[in-house]
1. When the convex hull of the C-alpha atoms of segment 51-137 is computed, what volume per residue in Å³ does it have?
2. Can you compute the radius of gyration and Dmax for the chain, using only the Cα atoms, both in Å?
3. Rounded to the nearest 500, what is the chain's calculated 222 nm mean residue ellipticity when only DSSP H runs of at least 4 contribute -39500 (n - 2.57) each, over all residues?
4. Return one whole number: the accessible area per residue of the chain in Å², for a 1.4 Å probe.
5. Where the only charges are on Cβ atoms (+1 Lys, Arg; -1 Asp, Glu), what is the dipole of the chain about its Cα centre, to the nearest 20 debye?
6. I'd like the carbon and sulfur percentage of the solvent accessible area for segment 106-261, probe radius 1.4 Å, heavy atoms only, ligands and nucleic acids excluded.
7. If you look for lysine pairs in the chain that are eight or more places apart or on different chains, how many of them have Cα atoms under 13 Å apart?
8. Fully extended, how many nm does the chain gain between Ser195 and Asn237 (0.36 nm per residue separation, minus their Cα-Cα distance)?
Amino acid sequence: MKLSHDGWEDALETDWRTIEGVSTFLTAEWRKLIMAQYEVKPSKLMPYLPKGVELDTYQGRCYVSLVGFLFDRVRLKGLPIPLHTRFEEVNLRFYVKRREPDGTTKRGVVFISELVPKRAIALIAKRIYEEPYATVPTNHRILASSDGLEVSYGWKFGGRWHSIAALAHPEPIEMPPGSEEEFITEHYWGYTKRSDGTTSAYEVRHPRWQVYKLKSYEIAADLGMLYGATFANITDNFVSSVILAEGSAVSVHSGFRLPAV
């Protein structure tokens, strides 16, 4: 079954809440993820921190990550949205953890901003989870050869184009256990600060990713323009690392509200 673009819009207007009751509401592939880590003071992130989680750090360092990747083969509730199955996403996120009553720890991310070129995707995410999505023009370039892999993502915001790019060796490799790459890529929960003060949680499942050894990278993005005064002084001098991951198929599972603290 396929719905027209207008059909999806109508369905979202009248029946969007039913998606939250479906075990897997989105499947896709996340491919060629460029992730640039900026070390920041924990105090900068406290206004964005949802209730019920705490900041997660790597070797005592607190990171935000600027991430660009290709969203491909998107299905919502098993159905493709016409003209919305392949697009770029650029987001800014940070890392958190939640200690469960049974003693286990769930590691996740909180998004400060998520930019996509597709209006329906942004509408769904904002209505269901109040995720901070916005719609902007985007582009990407992925060029593979025997000499290397070139990946870049661009997005237009504030009247100018911003970009993130990486040049890597052509073959992906396994991540070392305990590495920064493992820390950044293996947070499998999303937590969202809701307007009513509660916190939503949802699980993202995917296999362990491979990464590419970088030759170089280039970031041309004004974080202050993109994300506000909190990030205005964060420049390339704050970049701790840049990772290029191959990615994989992913599934995003239904959300739920955390119990009140």
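The values are calculated or read from the model by the stated rules, or taken from the named source; none is laboratory data. Keep in mind that what you see is a predicted model, and the values were worked out from it rather than measured. Glycine also receives a Cβ, built like all others from the backbone with ideal geometry; neighbour counts cover every protein chain displayed. To get the accessible areas, we keep the full protein, side chains included, count just its heavy atoms, and leave off ligands, DNA and RNA. Shrake-Rupley method; radii C 1.70, N 1.55, O 1.52, S 1.80 Å.
1. Working: hull volume 11.5 nm³, N = 87.
Given the Cα convex hull of segment 51-137, per-residue volume reads 132 Å³.
2. Taking only Cα atoms of the chain, I get Rg and Dmax of 18.0, 54 Å.
3. On the way: 5 runs with 37 residues, N = 261.
Taken over the chain, the calculation gives -3500 deg cm²/dmol.
4. Accessible area per residue: 47 Å².
5. Working: 32 positive and 32 negative charges, 81 e Å.
Magnitude of the dipole: close to 380 debye.
6. Values: 3750 of 7160 Å².
Carbon and sulfur together cover 52 percent of it.
7. Eligible lysine pairs with Cα atoms under 13 Å apart amount to 7.
8. Details: separation 42, 0.36 × 42 = 15.12 nm, distance 3.40 nm.
Length difference between fully extended and current span is 11.7 nm.
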